[in-house]
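> One structure coming up, written as structure tokens, with questions to follow.
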Amino acid sequence: MAKNAVRLAGNGIALTLALASALFISSCKKDTPIKPENSPVTATSLIRSIDTANKPSEDYKISQPISLNGAHDITISGESISGGSLSCIDLVNCYNIHITRCKLTNSDKFAVNLSHCTNIIVDSCYVDNVATGIYAFNSRGIQVKNNKMKNLSGSQQGVMVAFENLSTDIKDASSNSAIDNEQLQ
């Protein structure tokens, strides 16, 4: 009788192992095959892919034009905005806002339009193919620094930074650079 019990226990273990194996095998899905790329990897393409991976433009988040009224104490960072018929960033009655490391492109108007704003910093942004770079009207405490701008084509011959009717406190536009800016006539 003890031999029968051992034999039954052995058969039970074998049956359990067989069922577990069958379940494991049937639960696995076949991986889809990996297809090789159409173009071979060359040293040039590898260097190009490494080079573009380190550029900050890869970190931009695509966004719609930003329009804020009465906003304060915020940072707008890492946005890629194509303005179209709107300004890329339009701020009215805003204060304590930092616009940094943004890519502002393709606007019939301004990259950044400030109206009645206080303590706004625009720095380290890339601006391309807009009418005017940064425009501030009836504002104070405006700082525009370390931005790169090109292809400014507005009616005022491609203005990078314009301050209009600002108070006498901080209004700083320093270390901005124009890159191959062609003025349309």
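The values are calculated or read from the model by the stated rules, or taken from the named source; none is laboratory data. Bear in mind the structure is a predicted one, so any value in this text is a computation, not a measurement. No Cβ is skipped: glycine too gets one built from the backbone with ideal geometry, and neighbour counts run over all protein chains shown.
> Which strands (runs of 3 or more DSSP E) does region 69-127 wholly contain that include 3 or more residues that are buried (at least 18 other Cβ atoms within 10 Å of the Cβ), at pLDDT 95 or above and in contact with a Phe, Trp or Tyr (Cβ under 8 Å, 6 or more places away or on another chain)?
By residue number, 103-115.
> Could I ask something else about it? When you go through Asp90, Asp123, Asp108, Asp73 one by one, which is the residue that is under 19 Å from the mean Cα position of the chain (by Cα) and farther than 21 Å from Asp59 by Cα?
On inspection, the qualifying residue turns out to be Asp90.
> Still on this structure: State yes or no: is Leu104 free of Cβ contacts under 8 Å to residues at least 24 places away in the same chain and over 17 Å from Gly70 (Cα atoms)?
No; evaluated as a whole, the condition is false for this residue.
Yes/no matrix, rows are residues, columns are (1) modelled with pLDDT under 90; (2) crowded, with 18+ Cβ neighbours inside 10 Å; (3) closer than 19 Å to Ile99 by Cα:
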site	(1), (2), (3)
Asn129	no, no, yes
Gly154	yes, yes, no
Thr168	yes, no, no
Asn176	yes, yes, yes
Glu182	yes, no, no
Gln185	yes, no, no
